[in-house]
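Peer 1: Below you will find the structure I want to go over with you.
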Amino acid sequence: MKPENILSQLNIFGQCKQYGISFWQCPQFLFLIMGLINIASSLTAWSIGNKFIDSPEAVILIVLSVTVILFIIAFIIVQSFDKLAQANRMKSEFISIVSHQLRSPLTNLKWALDFLTSGNGGMISEEKKVEYYKTLSENAERMGELIDNLLIVSRMEQGKIVLKKEMISLEELIRGLIHDFQPFATASNVKIKFKAEDKMPKIFADPYQVKLLVDNLLNNAIRYTKNGGMVEIGLSSRKEKLFFEIKDSGVGIPKEDQKYIFQKFFRAGNALKQQTQGSGLGLYIAKSVVASSGGKINFKSEEGKGSTFWFTLPIK
Amino acid sequence: MSKTILLIEDEQALQKTIGERLSQEGYEVIPALDGEIGLKLAGTKKPDLILLDLILPKLQGLEVLKKLKENNETKEIPVAVLTNLEQIETVNKALELGATTYLVKANYSLEEVIGKVKQFFNQ
């Protein structure tokens, strides 16, 4: 081992910081503490044993209690190793899911390009070519969106998101998003209704984050609503908070899937059947945004009938 | 008579690309955008080859494959799996269920896939 490697091994605080867990869960730190306790307890037992040599029971008792403490610390160390192993496993799963999700649009891009650039491309009309260009652009966008979502999640998990709060009108933000989603809603044959109480107060929040939150909920509501459905949005104020509600007449979330719905990458069984595309990150992001803004989020849903998601955000 | 190929694939973009390219080669292509429709069309149209994706709406690809092989009417139709899943368990499962071949989309260009189809019919 090179000297600088030994030094880096000794930099316990640096190593623990890299793991992203607290010192009391960090194996290196706990090993140091256990070592110190080991030395201290041996010295104490020796000096106490010297003084109270007449009472061997007292020495036994002290040794026993020290053993118990060491046992507990060892247990915590094992647990934190387990946590690290779990984090590692999640990382592998993450990579496997993400690479698969990126591969689908990538194949679409690659094969559409193959088609356009191969000699056989000459056999297709200009009109068809335009269709293929559209495919290219749609799939590039799909990849871009997925990467954006992944970066957001990664930043959130590392606690790197700094909220840039300002006074914003949630009502205006919602109206803007409904406008942006109108073409998608029309194409899906879904109507969007929006009702807000009069004179809604502005809120002190990060507009980018709140937009992300409403965007994800609205996107889901339209995406999982069958043809001819309706999405209803309501906004009201309750005490020191604004209450947002979005109700759809969509596929709903099966009971057995409801407890996992905010988990990263989780997609309900019927959502998978309805729409094979989707990253399973939208609601995870929504929940993280609400949590970091000091609000609450939840839902009620019945399979086949629809879902209602709501969140609150503090006004100040 | 031209050979018919049933293309069970939920990505519209791929339906278009593979479908049109196969048509250019003189094959008759029957598109199916989900597993249920694919299974039904396999029974009614009796294609000469089925290209099957695995992540499908309504009925997953492996289920489609299993049902095709259980049915006396469709069990002789060769099925080539064409997917982006490449976990070894999935590959083994598909081959065990009777898939003729297993192609991972990301590993091939469009022309290579078309080449594989042509090769299959020329054997």
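Peer 1: Against the conditions (1) modelled with pLDDT of 95 or more; (2) crowded, with 22+ Cβ neighbours inside 10 Å; (3) of a type in the set (A, V, I, L, M, F, W, C), where does A:ALA205 fall short? Just the number, please.
Peer 2: (1)
Peer 1: Return yes or no: is B:GLU36 more than 28 Å from A:GLU141 (Cβ to Cβ), within 12 Å of chain A (Cβ to nearest Cβ) and under 14 Å from the mean Cα position of the chain (by Cα)? Full working, then the answer.
Peer 2: Details: more than 28 Å from A:GLU141 (Cβ to Cβ): yes; within 12 Å of chain A (Cβ to nearest Cβ): yes; under 14 Å from the mean Cα position of the chain (by Cα): yes.
Against the criterion (more than 28 Å from A:GLU141 (Cβ to Cβ), within 12 Å of chain A (Cβ to nearest Cβ) and under 14 Å from the mean Cα position of the chain (by Cα)), B:GLU36 qualifies.
Peer 1: Any chance the range B:8-19 includes a residue that's within 13 Å of another protein chain (Cβ to nearest Cβ), free of Cβ contacts under 8 Å to residues at least 12 places away in the same chain and more than 14 Å from the chain's Cα centre (by Cα)?
Peer 2: Yes - at least one qualifying residue is present in the range B:8-19.
Peer 1: Could you tell me how many of the residues in the range A:283-311 are at pLDDT 95 or above, among the hydroxyl-bearing types (Ser, Thr, Tyr), under 23 Å from A:ILE203 (Cα atoms) and crowded, with 21+ Cβ neighbours inside 10 Å?
Peer 2: Result for the range A:283-311: 0.
Peer 1: Identify, please: which residue in the range A:116-130 is outside any helix (DSSP H, G or I) and among the small types (Gly, Ala, Ser) and is, among those, farthest from the other protein chains (Cβ to nearest Cβ)?
Peer 2: As a first pass, look at the range A:116-130 and keep what is outside any helix (DSSP H, G or I): A:118, A:124-125.
Narrowing the set further to residues that are among the small types (Gly, Ala, Ser) leaves A:118, A:125.
On the way: A:SER118: 6, A:SER125: 11 Å.
Only one residue tops the list, namely A:SER125.
Peer 1: Same structure again: What pairs can you find where one residue is in the range A:263-280 and among the basic types (Lys, Arg), the other is at pLDDT 80 or above, and their Cβ atoms are less than 8 Å apart, with a gap of 6+ or different chains?
Peer 2: If the second residue must be at pLDDT 80 or above, the pairs left are A:LYS264/A:VAL153; A:LYS264/A:GLY280; A:LYS264/A:LEU281; A:LYS264/A:TYR284; A:ARG267/A:GLY280; A:LYS273/B:PRO57; A:LYS273/B:LYS58.
Peer 1: Need the failing condition index for B:ALA42 against (1) among the aliphatic types (A, V, I, L, M); (2) farther than 22 Å from A:ASN108 by Cα; (3) touching an Asp or Glu at 6+ places or on another chain (Cβ under 6 Å), just the number.
Peer 2: All conditions pass for B:ALA42, except number (3).
Peer 1: I'd like to verify a number: residues in the range B:21-33 that are assigned to a helix (DSSP H, G or I) and either under 14 Å from the mean Cα position of the chain (by Cα) or buried (at least 18 other Cβ atoms within 10 Å of the Cβ) (or both), how many? Give the steps one after another, and end with the answer.
Peer 2: Taking the range B:21-33 first, the residues assigned to a helix (DSSP H, G or I) are B:21-24.
After this cut, where a residue has to be either under 14 Å from the mean Cα position of the chain (by Cα) or buried (at least 18 other Cβ atoms within 10 Å of the Cβ) (or both) as well, the list is B:21-22.
Number of matching residues: 2.
Here's the yes/no breakdown for (1) outside any helix (DSSP H, G or I); (2) surrounded by 16 or more Cβ atoms within 10 Å (Cβ to Cβ):
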residue: A:GLN79; (1), (2): no, no
residue: A:GLU93; (1), (2): no, no
residue: A:LEU102; (1), (2): no, yes
residue: A:ASP114; (1), (2): no, yes
residue: A:TYR132; (1), (2): no, yes
residue: A:GLY144; (1), (2): no, no
residue: A:MET167; (1), (2): yes, no
residue: A:ARG175; (1), (2): no, no
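Peer 1: Then there is this: Pull up the range A:150-180, narrow it to residues that are among the small types (Gly, Ala, Ser) and under 29 Å from A:PHE94 (Cα atoms), then point me to the one that is nearest to the chain's Cα centre (by Cα).
Peer 2: So, considering only residues that are among the small types (Gly, Ala, Ser) and under 29 Å from A:PHE94 (Cα atoms), the one nearest to the chain's Cα centre (by Cα) is A:SER154.
Peer 1: What are the residues in the range A:213-268 that are in a strand (DSSP E or B) and of a type in the set (A, V, I, L, M), if any?
Peer 2: Step one: list which residues in the range A:213-268 are in a strand (DSSP E or B), which gives A:230-238, A:241-248.
A:MET230, A:VAL231, A:ILE233, A:LEU235, A:LEU242, A:ILE246 - these are the residues of the range A:213-268 that are in a strand (DSSP E or B) and of a type in the set (A, V, I, L, M).
The values are calculated or read from the model by the stated rules, or taken from the named source; none is laboratory data. Being a predicted model, the structure only gives us computed values, none of them experimental. With ideal geometry, Cβ positions are generated from the backbone for all residues, glycine too; neighbour counts draw on all protein chains shown.
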